[in-house]
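Below is one structure; the comments refer to it alone.
The values are calculated or read from the model by the stated rules, or taken from the named source; none is laboratory data. Just so you know, these numbers come straight off a predicted model, no measurement behind them. FYI the Cβ positions are ideal-geometry reconstructions off the backbone, even for glycines, and counts take in every protein chain you see. Ligands, DNA and RNA are stripped out before the accessible areas are found, and what is left, the full protein with its side chains, is counted by its heavy atoms. Shrake-Rupley method; radii C 1.70, N 1.55, O 1.52, S 1.80 Å.
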Amino acid sequence: MIENKILPESVVIEPKILYYGTPVVLLSTLNEDGTTNVTPMSSSWALGRRIVLGLGVEGKAVENLNRCGECVVNVADPSLWHQVETLAPFTGRREVPDEKRKLGYRHEKNKFAAAGLTEQQSREVQPDRVAECPLQIEAVVKHIRIPDDMPFFAVIEVDAVCVHAHQDIVTEKDHVSPEKWSPLIYNFRHYFGLGPELGKSFKSET
């Protein structure tokens, strides 16, 4: 006989945000003068070599992507959360939009220096990589779409053209070791790393 399972009770809530636990990305884009802007973000996901990014339309990153069409998706690890948070109130736009100014944003031209990060030249695209990030994915823009019902967000699709990884997280056959690699997770506006491994997918080759 199968015993009745006791399920936890659920309640209906209205959360202000739905950052339910996603990796933190430091997105590199190219400024007009050839310098690199860095934007912390947590709305991204990958499907094969295609990566989908969600960004506010008033930020410098969307402006740069529309003009240049290249970027680097630098994926942070838990050791970088202080640098990520340092960058959070900065914008690369000299004219800070009113809504951002009300939230405490301010202009910062050299975000690498402000956060103590290191620029590293990319191989296939113009924006520099963030050397401290264990995964750095050079990419080119395929589509930029602004939803009609959410005109304050841009949905950007990019294709990976070159992937860099710190040597200490790479195993044989170009696999990233899930035991050594841990992304920084943005969980309802709090920063976390991963816990111990629970198991693996039947598709795993490691």
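A few comments on the model shown:
The rows are residues; the columns are (1) open to solvent by less than 40 Å² (accessible area, probe 1.4 Å); (2) closer than 30 Å to G34 by Cα.
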residue: I137; (1), (2): yes, yes
residue: H166; (1), (2): no, yes
residue: E172; (1), (2): no, no
residue: S182; (1), (2): yes, no
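- Check on I17, out of contact with any strand residue (DSSP E or B) (no Cβ under 9 Å at 6 or more places or on another chain), open to solvent by 80 Å² or more (accessible area, probe 1.4 Å) and modelled with pLDDT under 95: no
- Checking each residue in the stretch 26-45 for being touching a residue at least 24 places away in the same chain (Cβ under 8 Å) and assigned to a strand (DSSP E or B) picks out L26, L27, S28, T29, L30, T36, N37, V38, T39, P40, S44.
- Taking the stretch 50-142 as the region of interest, the helices (runs of 4 or more DSSP H) fully inside it that hold 2 or more residues being closer than 19 Å to C162 by Cβ and of a type outside the set (S, T, Y) are 60-68.
- A88 falls short on exactly one of the conditions (1) touching a Ser or Thr at 6+ places or on another chain (Cβ under 6 Å); (2) in contact (Cβ under 8 Å) with a residue 24 or more places away in the chain, and that condition is (1).
- P23 vs. criteria touching a residue at least 12 places away in the same chain (Cβ under 8 Å), under 14 Å from the mean Cα position of the chain (by Cα) and open to solvent by 40 Å² or more (accessible area, probe 1.4 Å): yes
- Pairs with Cβ under 9 Å, 6+ apart, first in the stretch 161-181 and closer than 21 Å to V125 by Cα, second of a type in the set (S, T, N, Q) and open to solvent by 60 Å² or more (accessible area, probe 1.4 Å): H164/Q120
- Annotation note: of T91, T86, the sole residue that is closer than 27 Å to I17 by Cα, surrounded by 20 or more Cβ atoms within 10 Å (Cβ to Cβ) and among the hydroxyl-bearing types (S, T, Y) is T91.
- Annotation: A115 fulfils all but one of (1) over 15 Å from the mean Cα position of the chain (by Cα); (2) more than 19 Å from S43 (Cα to Cα); (3) open to solvent by 50 Å² or more (accessible area, probe 1.4 Å); the unmet one is (3).
- In the stretch 27-59, residue most open to solvent (accessible area, probe 1.4 Å) [restricted to those that are touching a helix residue (DSSP H, G or I) at 6+ places or on another chain (Cβ under 8 Å) and among the hydroxyl-bearing types (S, T, Y)]: T39
- Conditions (1) open to solvent by less than 40 Å² (accessible area, probe 1.4 Å); (2) part of a strand (DSSP E or B); number of the one not met by V161: (1)
- Cross-chain or 6+ apart pairs with Cβ under 7 Å, the stretch 108-132 first and at positive phi, then not in a loop (DSSP other than H, G, I, E, B) and not basic (K, R): G116/Q83
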